[in-house]
Amino acid sequence: MGRAYFCMAWVGWWLCCFCLGTMPIYAQAEESASTRLVPHQVQKTDTIRGLLLRYSCVRSMTQYSALREEFRHANPQILHSGHLASQASVLVPGTRATQGTACLRADTVQVVRVECEHFGAQDCVRIYVDGPVLPEVFLLKHEPPVRVVCDFDQAVLLSDIPKEIDCAGRLIQRVRVGHEDTPVARARIVLEIDPALAGEVEQTFFEQQSLFMLTVHEAKP
């Protein structure tokens, strides 16, 4: 079904490492073994997604995710595209092949639907897109409520998506939807969660359906 998993967790309210699941979206060594690190000087309109697709012929989102993990290890100070400073130097994993009809392109995609679901000891947000894109996911906890942020670089929102969605869940209280136009198009989905109850945040991508899903699990006693 083209499904892959990765998850994040935080300990003591600090964002912790990505944890590997049954089919780790960030661990496909056979697809990225031939990569090399290419020095790149950041430009104002650069995004991590754009750089990865520029320096490699990416044929699947599983391969993209493996390259994204390599980028994270090579540039540990850059957690998401907002940390790319103009004129700074970064190392981008690249493959020998950079062009081809099967290569994914850094085209602008559209977020077409956002939904909330609740079942058992977990709440879920489903984000449907119309093309190959994975978000940069990070945690904001400087002021309440605690927020899980999903930035979809080079993505826009369908006009009828509500700006706020009242999930009325125990773990996910509300979802806020917004976008930026400059320096690049970016759709932002923000989950406001209850830090007293929430535990692990699992991320699942269904490639064939272009569906990204965030599941917040209740903290274990």
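Of all residues in the stretch 187-219 being more than 25 Å from V109 (Cβ to Cβ) and in contact with a His (Cβ under 8 Å, 6 or more places away or on another chain), which is surrounded by the most Cβ atoms within 10 Å (Cβ to Cβ)?
The qualifying residue surrounded by the most Cβ atoms within 10 Å (Cβ to Cβ) is A198.
Out of the residues in the stretch 80-131 that are polar (S, T, N, Q) and assigned to a strand (DSSP E or B), state the one that is farthest from E164 (Cα to Cα).
S89
Please count how many residues of the stretch 170-193 are under 30 Å from Q43 (Cβ atoms), part of a strand (DSSP E or B) and not hydrophobic (A, V, I, L, M, F, W, C).
6
Could we say that F119 is among the aromatic types (F, W, Y), modelled with pLDDT under 90 and either within 16 Å of R49 (Cα to Cα) or not assigned by TED's automatic domain parsing to the domain that holds P76 (or both) here?
Yes: the conditions hold for F119.
Just the residues that are without any contact (Cβ under 8 Å) to a residue 60 or more places away in the chain and either assigned to a loop (DSSP other than H, G, I, E, B) or of a type in the set (V, I, T) (or both), please, taken from the stretch 194-221.
D194, A196, L197, A219, K220, P221
When residues of the stretch 116-135 are filtered for being among the hydrophobic types (A, V, I, L, M, F, W, C) and within 20 Å of S81 (Cβ to Cβ), how many remain?
Here the count works out to 4.
The values are calculated or read from the model by the stated rules, or taken from the named source; none is laboratory data. Keep in mind that this is a model prediction, so the values were computed, not measured. Here the Cβ is made from the backbone with ideal geometry for all residues, glycine too, and neighbour counts use every protein chain on show.
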